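Notes follow once the structure below has been shown.
Coordinate-derived values only; no laboratory data. These numbers were taken from a predicted model, which means no experiment stands behind them. With ideal geometry, Cβ positions are generated from the backbone for all residues, glycine too; neighbour counts draw on all protein chains shown.
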Amino acid sequence: MKTNEQITGSEALIRALIKEGVDTIFGYPGGAIIPVFDALLDHLDTINHILVRHEQGATHAAQGFARASGKTGVCLVTGGPGATNTLTGIADAMLDSTPIVVIAGQIATDFIGTDAFQEVDFTCVTQPICKWSYQISRPDEIAWAVARAFFIARSGRPGPVVLSFTKNAQVGMTEYVTEKVDFIRSYDDDPEIDITRIREAAAAINAAKRPFVLAGQGIELGGAQEEFRKFVEKGGLPFGCTLLGLSVMPSSHPLNKGMLGMHGNYCNNVKTNECDVLIAVGMRFDDRVTGNLATYARQAKVIHLDIDQSEIGKNVAVDIPVLGNCRKTLALLTERLVAADRSEWVDSFGKYQDEEYERVVRRELYPGSGPLNMGEVVNAVSEATGHRAILVTDVGQNQMMAARYFRFSEKRSIITSGGMGTMGYAIPAGIGASIACPDRTVCVFMGDGGLQMTVQEFGTIMEHRIPVKMILLNNNYLGNVRQWQQLFYDRRYSFTHLANPDFQTLASSYDIPSRRVIDRADLQDAVKEMLDTDGPFLLEACVAEEGNVMPMTPPGQSIDNMLMEC
Amino acid sequence: MEDTTLYTIIVHSENFSGILNQVAAVFTRLQVNIESLNVSASSMKNVHKFTISCKTTAKNIEKILKQINKKLDVINASCYTDDEIFQSEIAMFKISTDEFQNWDNTSRLLRGYNTHIVEVTPEYLIVELAGSSEAINSLYEELDRIGCVRQFVRSGKVAVTASRLEPVSELLSKREERYRNKV
């Protein structure tokens, strides 16, 4: 639609974002993006801008927003250091298939190539770690570039897109004409489904005596939670979840056997190597899930449902590849399944669940005496929220303990850095999740190491009164590395002990109420106080310094070869 | 060391800036050297064709193809071994006239290789040879033995597949048709 109205490129960018449905931006201004921030002031009735305290925080907040809402997260930052500060978040979003669009200022095209102030070749730097990176050099490219960016970020296997926005394109005048992009000939966002493969897969599942399903984040990304439920229920198919797939179905569902992998539930890793048909849905056989590939599910016929062709056969040889959006492929498969009762097979998981409970879970959750355990804190918070909260975690022991002991009843409820394992992810991601879902409780678990990597976002929480419930599992160690040092490096604790600040004082300087718990007897009351407090809260749980996440498959070992104690 | 094979990868992409960089980065990531590279316009409008040869393992070539195919503006990438394609490259030899004339069977040597003489001056002649890598290597060695090669240059390899059609045009029309049906 032509209007003949001449507007600046910055105004055009904001209008193009609004056209894509953007209502929230996480950003930080700087010299190379001032014109866009100026235009933003005229649109605050439509766009809520959250001023973060560091650009890395903007990317993780956008990730948390995207993961909780299913929408595309947006960051707006300046060029040079502002842009390079987003790299960790971009790489994280790429590995975890999170749709975000990062818009970074860039110096004027005339200056590019002269090593001008804050010049970084951001397009070139980001190309290997994002889905698409493009430099907008003229104002008349804006509508097309933004439309293309959002289409790419949210379609197919979602991921991050980067737009470098040159100063001359920001200030130049253009006649804004809206653009729509829903087709790119070089990019297959919705692969055609091969019905022969669906038939083969259905026949293999129908003939299976011991089928086992691996549920990944692809189910959440494809909005296929309901299709997945029908699929497993009709076939009587037990399933384990990847870290990112933990909330695809309620934790309480009888077919849901918990987490897969290195710190997952023992039964799942044993059954992976016992099943006759292994059905992977929207997951990518990460090494933390498979352990040693040479001994992984060698006995099983493998069926892999995925939207990304490059994932099929990447790590594990696949017998029946089913390419396509799993929302469609699962429905087609379910139609062809013979309803089956496999309760004997499902019940056979119980033996290993019982063993894990006796040897690991009981002592983690109900130790009776001694210092607090990480697991019992997670359990207390999950129970107090009725298992309905959104879980956000940092990386390390806090992440694995939260993943093991937090329970879920709603979809899109786990937000964690899975592929990249980015410490410092939790606080900003929690901010994003809380803004995306203001009606839900957001519980953010972190360790004393990770908290200090993005602690400046306490300022964002303070300014916007973001009601995140932060739980610090403080063991004065970089606990996960310390655990590896204990188990595999003869207890040589090389630089993993932390001298920490007083976290309560730190929180209070940001006007965030807090409470420290040392004694088990105070735990429930402290959790209640946290949840009853309006707005943000920091609960510092002083946990056993040398607590370990068990069970554990040692690196390089067969996945079912789990240590129960150490 | 695992066995390596010489593969020829043919990539079709959109004609946007920065794609060569993205394709090359895939090789850097896996520490595979590109032996030869040619990029040019293809028979299709706005579609560029890369012909890349590299020596690597079967495992790596699979990763390379997956990663290249994943690039958004890449339409298609596939790989071939020597028996699946017809390939050619061009070499130019700048030959010193004096030394060359002192050799007995010079013209027979050049004719034997089916060369084409581009330029003759009192000091040098320029000879062009289009053909297989082996033929070019072999002519270079013979001339080098005479000691008459003043300059030598060879192009990247180009290749066409033994299969019937350009499969990329079929792929593109199929995708466009699917999109039209959906809309």
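General remarks:
- Ranked by how many other Cβ atoms sit within 10 Å of their own Cβ, fewest first, the residues A:Met401, A:Met446, A:Met423 fall in the order A:Met423, A:Met401, A:Met446.
- Per residue convex hull volume, Cα atoms of the stretch A:375-437, in Å³: 82
- Positive dipole terminus of the protein assembly as shown, leading residue within A:Val517, A:Gly459, B:Ser155 (C-beta point charges): A:Val517
- Report summary: the helix-based calculation at 222 nm, which adds -39500 (n - 2.57) for every DSSP H run with n ≥ 4 and divides by the residues of chain B, gives -11000 deg cm²/dmol.
- Mean separation of Cα contacts under 8 Å (6+ apart) over length of the stretch A:357-507, as relative contact order %: 19
- Relative contact order [Cα under 8 Å, 6+ residues apart], chain A, whole percent: 14
- Within chain B, the longest run free of exposed loop sites, counting trypsin sites (Lys or Arg not before Pro) that sit outside DSSP helix and strand states (H, G, I, E, B) and have at most 13 other Cβ atoms within 10 Å, spans B:46-163.
- Within chain A, the longest segment free of exposed loop sites, counting chymotrypsin sites (Phe, Trp or Tyr not before Pro) that fall outside DSSP classes H, G, I, E and B and have at most 12 other Cβ atoms within 10 Å, spans A:118-488.
- Each residue of the stretch B:172-180 is assigned a 3J(HN,Hα), and the resulting list reads 5, 5, 5, 5, 5, 5, 4, 5, 4 Hz, derived from the Karplus form 6.51 cos²θ - 1.76 cosθ + 1.60 (θ = phi - 60°), x at Gly and Pro.
- Positive-end ranking of A:Ser558, A:Thr505, A:Phe537 along the dipole of the protein assembly as shown, with charges on Cβ about the Cα centre, is headed by A:Ser558.
- Along its principal axes, chain A has C-alpha extents of 71, 62, 41 angstrom, given from the largest down.
- Span from the the stretch A:325-397 Cα centroid across to the the stretch B:10-69 one, whole angstrom: 44
- Inter-part distance where the stretch A:11-54 and the stretch A:461-513 are each reduced to a Cα centre, Å: 33
- Order of A:Asp110, A:Asp286, A:Asp190 under a 10 Å beta carbon neighbour criterion, fewest first: A:Asp110, A:Asp190, A:Asp286
- Among the residues of A:322-330, the average count of other protein chain beta-carbon atoms within 10 Å of the residue beta-carbon is 0.
- Residues B:Thr81, A:Thr496, A:Thr242, A:Thr295 arranged by fewest to most Cβ contacts within 10 Å: B:Thr81, A:Thr295, A:Thr496, A:Thr242
- Most fluctuating residue given options B:Ser40, B:Ser133, B:Ser163, as computed from a GNM of chain B linking Cα atoms under 10 Å: B:Ser163
- Computed from backbone phi, the HN-Hα couplings of the stretch A:487-493 come to 7, 10, 10, 6, 6, 7, 7 Hz, rounded to whole numbers (Karplus: 6.51 cos²θ - 1.76 cosθ + 1.60, θ = phi - 60°; Gly and Pro given as x).
- Beta bridge orientation in the stretch A:371-542: antiparallel %, DSSP, nearest 5: 5
- Mean ellipticity per residue at 222 nm, deg cm²/dmol - from DSSP H runs of n ≥ 4 across chain A, formula -39500 (n - 2.57): -10000 deg cm²/dmol
- Value of relative contact order over the stretch B:5-80, rounded to a whole percent, pairs C-alpha under 8 Å and six or more apart: 48
- Förster-model FRET efficiency, 51 Å R0, A:Ile34 and B:Thr121, C-beta, rounded to 0.05: 0.25
- Sparse packing (at most 13 other Cβ atoms within 10 Å of the Cβ) combined with a DSSP loop state is found for the following trypsin sites (Lys or Arg not before Pro) in the stretch A:122-202: A:Lys180.
- Shape category assigned to chain B from the gyration tensor of Cα positions, a/c cut at 1.5: prolate
- Projecting label points 7 angstrom from Cα along Cα→Cβ for A:Glu192 and A:Asp287 puts them 3.7 nm apart.
- Equivalent ellipsoid semi-axes, the stretch A:82-144, via Cα gyration tensor eigenvalues times 5, rooted, Å: 22, 15, 9
- Prolate is the label for the stretch B:86-158, because a/c, from the alpha-carbon gyration tensor with a ≥ b ≥ c as root eigenvalues, is 1.5 or above and a/b exceeds b/c.
- As a calculated quantity, the FRET efficiency between A:Phe117 and B:Ser17 at R0 = 30 Å, using C-beta atoms, amounts to about 0.80.
- Selection from B:Tyr7, B:His116, B:Phe27 lying farthest towards where the dipole of the protein assembly as shown points positive, charges on Cβ: B:Tyr7
- Computed 3J(HN,Hα) for the stretch B:4-11, one whole-Hz value per residue from the Karplus formula 6.51 cos²θ - 1.76 cosθ + 1.60 where θ = phi - 60°, is 10, 10, 8, 10, 10, 9, 10, 10, glycine and proline marked x.
- Counting, for every residue in A:180-187, the Cβ atoms of other protein chains within 10 Å of its Cβ and taking the mean gives 6.
- Scanning residues 5 or more positions from A:Lys301 or on other chains, those with amide H under 5 Å from its amide H are A:Val277, A:Leu278, with H placed 1.01 Å from N in the peptide plane.
- Taking every DSSP beta bridge that has both ends in the protein assembly as shown, the antiparallel portion is near 45%.
- Difference of contour (0.36 nm per residue) and Cα-Cα distance, A:Glu226 to A:Glu175: 13.9 nm
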